[in-house]
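Single-structure report; data block below.
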Amino acid sequence: MQQIRNPRLLVRIITSNHIKSSVCLIGTLGTSRKPIASMEKLVLKRTDHITKSQEDKRSYRGLELANNMKILLVSDPNTDKSAAAMDVNVGYLSDPKGIYGLAHFCEHMLFLGTEKYPNENDYNKFLSEHGGSSNAATYPDHTLYYFDIVPDELNKALDRFSQFFIAPLFTESATEREINAVNSEHEKNVPNDVWRMDQLDKHLSKKDHPFNTFGTGNKYTLETLTKANGVNVRDELLKFHAHWYSSNIMCLAVLGKESLDELEEMVVNLFSTVENKNVTAPKWEDHPFGEENFRTLVYTTPVKDVRNLNIVFPCEDLTSYYKSAPGHYISHLMGHEGPGSILSVLKSRGWSNNLVAGNRPAPRGLGFFGIAVDLTEEGINHVDDIVKLIFQYLNMLKKEGPLQWIQDENRDIGQMSFRFKDKESPRGYISGLVHSLQEYPIEDVLSAHYFFNQWNPDLIKKVWSEFSPEKVRLAVIAKKFEKDLNETEPWYGTKYKKIDIPKETLQDWEKAGLCNELRIPDKNEFIPTDFDLYPLEKDVPEHPLIIQDSALSRVWFKQDDKYLLPKANVMFDFVSPLAYLDPLNCNLTHMLVQLFRDALNEYAYAAECAGLRWELVNTKYGLILAIGGYSNKQHILLEKVIEKLVNFKIDPKRFAIYKENYIRNLKNFNAEQPYQHAVYYLSVLLTEHAWTKQELLAAVDQVTIDKLEVFIPQMLSKMHIECLIHGNANKEKALKLVKVVEDHLTSTLNMSPLLPRQLLLNRELKLEDGSDYRYQVENSVHKSSCIELYYQCGLQSKENNMKLELFAQIIQEPCFNILRTKEQLGYIVFSGIRRSNGVQGLRIIVQSDKHPEFLDSRIEEFLEGMLKYITDMSDQEFLRHREALAAHRLEKPKQLSSQSHLFWSEITAQQYHFDRANVEVAYLRTINKEDIIAFYKDILRENGPHRKKMAVAVLSTADGGAGTLDEPELPEKPSEARLIDDVTVFKSTHEMHPLVQPYINITRKGNKCKL
């Protein structure tokens, strides 16, 4: 639940140049309301004038209650989900001295019962039965709680939610058990380099500063240490909540289908009783890094084989300057990736591939400005030169002075983005918005991150004047320092060495001067100038239709008639049998994609800044090219991408760098979470055609420039293209875009089509009835072990889909409640559906410090108990689950890109079931409880006639892991599963499921000849 922000992956602010002022049109909401007389005394202030986009059809109101809680209400009569979020303006920097992790622990405990709703799982059970979900996160200076729910149940969900902040129980039994969940969460993070670097940053700050803390907490801090000091952790929880959980530092945001007046009555009734303790939200204006921390360099070693340079300067809290956004201006320039940028020069010298610059998230009252640079093998030998180059860029900026045309571009793009902002899912929208209530006036709460209407060059100068060698802190992370480190961070065990930067080096940076390779970015030619929508065709079909079908290509088109934004998504699936023919070809395809993206990045970055994104990825079947965003200039970007692809020349220096990167990434898979290993190996076992990481690594030495240069035209000259154009376009424009691609491929490479048999998809291995297989691998990095149990349930069909989905819906909450909350098996407990190649099944994943065999037995015990659970379930509860699933399946995509993805997934799966949700939900509503019990007894219950089980166990061999314990916790009844020793032999003894046939009557794509 806790989410400590990443100290290295700084926010790259994507902004740029000049557009028409017409995009700046803003709407303000003035909604008439009838005062609710009995509530007037409970509301201190009401604001109906909130700046919103003219495209935004929702209604907004701001409230301040008599208890000083701030509230944002959002009325959306057409929403198919309601949502709410509470932001409490206190986080883990306010932990009591010596009780590390208490704020985070408090966040966990609030879910486990209140005086009004004492059952530990009441909140999550209610949400689960009504199509809802929830989560929470603890930050340094605030804590966030949020949920969503079907609209009709918002009031009841808010009632349960409000009790978190009024009367939580913090029971003794839950307190003792939930410490294990916090500890498991911490253990999950220990081998994660992002968490390790974040904690090292805190460890190296001033010892007496609240920033020098351990925010997650673990069993030692919350149990062992507190008991040793005579502290009762439950008492401390009660004190912490009683002191800090005060209405005057809380902000609530609620979105519902009700009118603003109805929403107001709802929240005032429920939240006006939250007590105002008149606390002041803490603010840390004393910076955690002072003179003794500046001019220092820290060497440290990572878990994964990564190489990074982090450069950090102190900065004031710039939140109040949101209208002039000086940090935005500076990060836009320093993080730019176009010609003349820092990154451009670093790449030309072979020192780096990526750079991210910007204001890092920081506790209230202070700030950090950082530049994160990944390092090549050569780059790690040029750290001083890289830092010098950054100071040379800063010197250039200071010499040029702040340029208003750049701010104007940022302003215009921000306003364009605000006007044509995609509608978000209610939960994501509300949870992302609520903290803004703490930081900005209610009138600006929607627009604060988009509008930079003030020009304040003196403030920009003031901010970057702090960026000097005298105030720099550096960290270099690489495996090569492993043997030279002499200190250890206590909570994560990170080895490091801290030194003072030599005076001569500081003087060299101080006198860095200018670099003639660096320059200010060009004006952005990709910024849209036309936001008109194409006239809607008569009787626009609801789903994509084929508008061109040849041996070479098939074109699906759907004009948007729902989102009505000047945007479109264009996807091309370039299918080639060569792409995944063997591990060598797979590696060559990967290298092509990485090198091509790298080569085009400098040109395409301007398009990205202007809201026009592109992506090229390799798949088992070839390449997928996607272009999305504003439709106005998509054809220009597409033309450039295809022209460069068919004429692509490899840069030998970039080839060597990316090949070394690829090898490291393959090896780094060993350090991924155990549950990721379980998911991966299950896919390897069940998919007809899959090259393993080990096989790819074994073939990587064969990858040469010569082979890649031969391979690229071979692959591109014999392909089939399937594409989808969805959005602001007409058929004529769609066919023109496809013609651009076809013309380049046929004229330059003389591309020829494939046969239909070369376009068949992979199939899925078919387990036999009564099967029980087990595959075990070891993991030496993580202390946690993991098991994934998979119960194969056959081919996808509306009947199978809905029975499996409804069963998964019913067991999801009890699975979490029993295996995680009650039995405390681990922090990661997941149940859900796995679908691949048209075949599906139930899967349950538990990552834990217990032995996988023990986890297997506990999951089986849980699954056996589900027969009684469902049998005893009332008809009303069953119907609630059925309708919750129906609501989830019928929830409309909120964004054009989400709808495009649904269409595209049906096209690439070759099922073409565009009306799947409506058809399957109609069948769902005919299913009764007896149907689910029969389904369970037949396919999922132990000894069921058609049960097919496969377990993938990841056994930890790290120190203290389940595989190293003298007496691991094992089940009384040993597993009777058949062990899989050889994946190839296992696959060779099984048949494959057939492919699911298309839902619509459609000719097989490719050559029209019948063979």
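The values are calculated or read from the model by the stated rules, or taken from the named source; none is laboratory data. On a predicted model such as this, the values are computed, not experimentally measured, just so you know. Using ideal geometry, Cβ is built from the backbone for each residue, glycine included, and neighbour counts are taken over all protein chains shown.
Matching residues to (1) in contact with a Gly (Cβ under 6 Å, 6 or more places away or on another chain); (2) under 25 Å from Phe111 (Cβ atoms); (3) surrounded by fewer than 23 Cβ atoms within 10 Å (Cβ to Cβ):
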position: Ile810; (1), (2), (3): no, yes, no
position: Arg820; (1), (2), (3): no, yes, yes
position: Ile845; (1), (2), (3): no, yes, no
position: Ser848; (1), (2), (3): yes, yes, no
position: Arg858; (1), (2), (3): no, yes, yes
position: Glu864; (1), (2), (3): no, no, yes
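Of the residues that make up region 763-778, is at least one under 28 Å from the mean Cα position of the chain (by Cα) and in a loop (DSSP other than H, G, I, E, B)?
There is no residue in region 763-778 that is under 28 Å from the mean Cα position of the chain (by Cα) and in a loop (DSSP other than H, G, I, E, B).
Using beta carbons and a limit of 7 Å, which pairs, at least six apart or on different chains, have the first residue in region 724-753 and on the phi > 0 side of the Ramachandran plot and the second one in a helix (DSSP H, G or I)?
Gly727/Leu896
When you check Val190 against the structure, is it touching a Gly at 6+ places or on another chain (Cβ under 8 Å), β-branched (Val, Ile, Thr) and either more than 25 Å from Ala962 (Cβ to Cβ) or in contact (Cβ under 8 Å) with a residue 24 or more places away in the chain (or both), yes or no?
On the way: touching a Gly at 6+ places or on another chain (Cβ under 8 Å): yes; β-branched (Val, Ile, Thr): yes; either more than 25 Å from Ala962 (Cβ to Cβ) or in contact (Cβ under 8 Å) with a residue 24 or more places away in the chain (or both): yes.
Yes; evaluated as a whole, the condition is true for this residue.
Does Asp522 meet the test of being in contact with a helix residue (DSSP H, G or I) (Cβ under 8 Å, 6 or more places away or on another chain) and not assigned by TED's automatic domain parsing to the domain that holds Tyr912?
Details: in contact with a helix residue (DSSP H, G or I) (Cβ under 8 Å, 6 or more places away or on another chain): yes; not assigned by TED's automatic domain parsing to the domain that holds Tyr912: yes.
Taking the combined requirement at face value, the residue satisfies it.
Determine which member of the set Glu813, Glu877 is outside any strand (DSSP E or B), touching a Ser or Thr at 6+ places or on another chain (Cβ under 6 Å) and among the acidic types (Asp, Glu).
On the way: Glu877 fails: touching a Ser or Thr at 6+ places or on another chain (Cβ under 6 Å).
Result: Glu813 is the single residue among Glu813, Glu877 that is outside any strand (DSSP E or B), touching a Ser or Thr at 6+ places or on another chain (Cβ under 6 Å) and among the acidic types (Asp, Glu).
If a residue must be part of a strand (DSSP E or B) and more than 33 Å from the chain's Cα centre (by Cα), how many such residues does region 702-744 contain?
First, the residues of region 702-744 that are part of a strand (DSSP E or B): 718, 720-727.
This time we only want the ones that are more than 33 Å from the chain's Cα centre (by Cα), so: 718.
The number of residues fulfilling the criteria is 1.
Would you check which residues across region 607-635 are among the small types (Gly, Ala, Ser) and within 30 Å of Tyr580 (Cβ to Cβ) and list them?
We begin by selecting, within region 607-635, every residue among the small types (Gly, Ala, Ser); these are 607, 610-611, 622, 626, 628-629, 631.
Within region 607-635, Ala607, Gly622, Ala626, Gly628, Gly629 meet the criteria.
Among Asp374, Asp385, which is over 26 Å from Thr319 (Cβ atoms) and in contact (Cβ under 8 Å) with a residue 60 or more places away in the chain?
Asp374
Restrict the check to region 471-480 and report whether at least one residue is assigned to a helix (DSSP H, G or I) and within 30 Å of His49 (Cα to Cα).
No, because not a single residue in region 471-480 is assigned to a helix (DSSP H, G or I) and within 30 Å of His49 (Cα to Cα).
One line per residue, one yes/no per condition, for (1) out of contact with any Asp or Glu (no Cβ under 9 Å at 6 or more places or on another chain); (2) of a type outside the set (Asp, Glu); (3) touching a residue at least 60 places away in the same chain (Cβ under 8 Å):
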| site | (1), (2), (3) |
| --- | --- |
| Thr926 | yes, yes, no |
| Leu940 | yes, yes, yes |
| Lys948 | no, yes, yes |
| Leu955 | no, yes, yes |
| Ile1000 | yes, yes, yes |
| Lys1005 | no, yes, yes |
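Taking the criterion of being closer than 30 Å to Asp561 by Cα, part of a helix (DSSP H, G or I) and not aliphatic (A, V, I, L, M), would at least one residue in region 658-667 satisfy it? Steps first, please.
Going residue by residue through region 658-667, those that are closer than 30 Å to Asp561 by Cα are none.
No, the conditions are met nowhere in region 658-667.
Give just the number: which of (1) surrounded by fewer than 17 Cβ atoms within 10 Å (Cβ to Cβ); (2) at pLDDT below 95; (3) of a type outside the set (D, E, K, R) does Leu979 not satisfy?
Looking at each condition in turn, Leu979 falls short on (2).
Within the bounds of region 978-986, is there any residue that is under 26 Å from Glu768 (Cβ atoms) and over 36 Å from the mean Cα position of the chain (by Cα)?
Yes: region 978-986 contains one or more residues that are under 26 Å from Glu768 (Cβ atoms) and over 36 Å from the mean Cα position of the chain (by Cα).
Taking into account only those residues within region 822-833 that are under 24 Å from the mean Cα position of the chain (by Cα) and surrounded by fewer than 20 Cβ atoms within 10 Å (Cβ to Cβ), which is nearest to Thr687 (Cα to Cα)?
The qualifying residue nearest to Thr687 (Cα to Cα) is Ile833.
If Ala551 meets every condition in (1) among the aliphatic types (A, V, I, L, M); (2) crowded, with 17+ Cβ neighbours inside 10 Å; (3) in the same structural domain as Ile627 (by TED's automatic domain parsing) apart from one, which number is that one?
For Ala551, the exception is condition (2).
Answer yes or no: is there a residue in region 259-278 that is within 30 Å of the chain's Cα centre (by Cα) and in contact (Cβ under 8 Å) with a residue 60 or more places away in the chain.
So far as region 259-278 goes, no, none of its residues is within 30 Å of the chain's Cα centre (by Cα) and in contact (Cβ under 8 Å) with a residue 60 or more places away in the chain.
Just to be sure, is Gly101 in contact (Cβ under 8 Å) with a residue 40 or more places away in the chain and closer than 21 Å to Asp875 by Cα?
When the stated conditions are applied, Gly101 does not pass them.
Out of curiosity, is Phe170 closer than 18 Å to His104 by Cβ and not in a helix (DSSP H, G or I)?
yes
Would you check which residues across region 638-686 are without any contact (Cβ under 8 Å) to a residue 24 or more places away in the chain, surrounded by fewer than 17 Cβ atoms within 10 Å (Cβ to Cβ) and either among the aromatic types (Phe, Trp, Tyr) or closer than 19 Å to Glu709 by Cβ (or both) and list them?
Lys649, Ala656 - these are the residues of region 638-686 that are without any contact (Cβ under 8 Å) to a residue 24 or more places away in the chain, surrounded by fewer than 17 Cβ atoms within 10 Å (Cβ to Cβ) and either among the aromatic types (Phe, Trp, Tyr) or closer than 19 Å to Glu709 by Cβ (or both).
Can you name the residue in region 331-374 that is of a type in the set (S, T, N, Q) and in a helix (DSSP H, G or I) and is also surrounded by the fewest Cβ atoms within 10 Å (Cβ to Cβ) among such residues?
Ser348
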